[in-house]
Amino acid sequence: MTHQDEQRRCVYIIRSLKDPARQYTGRTADMASRLASHNAGESPRTARHVPWQVVVLVQFLDEGRAADFERFLKSTSGRTFVKQYFG
């Protein structure tokens, strides 16, 4: 793994398999571990709706851009964008 790989951040959208109308948007450097954490019920915001599956994963080279994109996806405009393009 290169130094650049260690700094990459992912913005993700997961969807509940229990309740497909439920989605959650987050940011992580390790998607596999983060999804496992969600599915283990370790996140209070997602614990009631396990299991989850990844529906969108966008990788960024730096934390700032990832944070900006996550913030956008959680905004009114971003939620509209997600519904339009990702169901």
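Side notes on the structure shown:
Residues are listed down the side, and each one gets a yes or a no for (1) open to solvent by 60 Å² or more (accessible area, probe 1.4 Å); (2) not aliphatic (A, V, I, L, M):
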position: Glu42; (1), (2): yes, yes
position: Arg48; (1), (2): yes, yes
position: Phe60; (1), (2): no, yes
position: Ala67; (1), (2): no, no
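- Pairs are defined by a Cβ separation below 8 Å, a sequence spacing of at least 6 or placement on different chains, a first member in the range 8-27 that is in a loop (DSSP other than H, G, I, E, B), and a second member that is polar (S, T, N, Q) and buried (at least 16 other Cβ atoms within 10 Å of the Cβ); the pairs so defined are Arg22/Ser16.
- Screening Gly41, Gly78 for residues that are small (Gly, Ala, Ser), at pLDDT 95 or above and touching a Phe, Trp or Tyr at 6+ places or on another chain (Cβ under 9 Å) leaves exactly one candidate, Gly78.
- When each of Ser77, Ser16 is tested for being more than 15 Å from the chain's Cα centre (by Cα) and open to solvent by less than 80 Å² (accessible area, probe 1.4 Å), the lone residue that passes is Ser77.
- Of the criteria (1) farther than 14 Å from Arg8 by Cα; (2) touching a residue at least 24 places away in the same chain (Cβ under 8 Å); (3) under 12 Å from the mean Cα position of the chain (by Cα), which one Val50 fails: (3)
- Look at the range 31-42: where a residue is within 13 Å of Val54 (Cβ to Cβ) and a partner is hydrophobic (A, V, I, L, M, F, W, C), sitting 6+ places away or on another chain with Cβ atoms under 6 Å, you get Met31/Cys10; His38/Trp52; Asn39/Val50; Asn39/Trp52.
- Residue match in the range 27-38 (condition: modelled with pLDDT of 95 or more, surrounded by fewer than 15 Cβ atoms within 10 Å (Cβ to Cβ), among the acidic types (Asp, Glu) and touching a strand residue (DSSP E or B) at 6+ places or on another chain (Cβ under 9 Å)): yes
- Tabulated pairs, the range 62-87, first over 14 Å from Ile13 (Cβ atoms), second outside any loop (DSSP other than H, G, I, E, B) and open to solvent by less than 80 Å² (accessible area, probe 1.4 Å), C-beta under 7 angstrom, 6+ apart or interchain: Glu63/Arg9
The values are calculated or read from the model by the stated rules, or taken from the named source; none is laboratory data. Computed from a prediction, not measured in an experiment: that's the story for all the values here. Here the Cβ is made from the backbone with ideal geometry for all residues, glycine too, and neighbour counts use every protein chain on show. Accessible surface areas use protein heavy atoms only, side chains included; no ligands, DNA or RNA. Shrake-Rupley method; radii C 1.70, N 1.55, O 1.52, S 1.80 Å.
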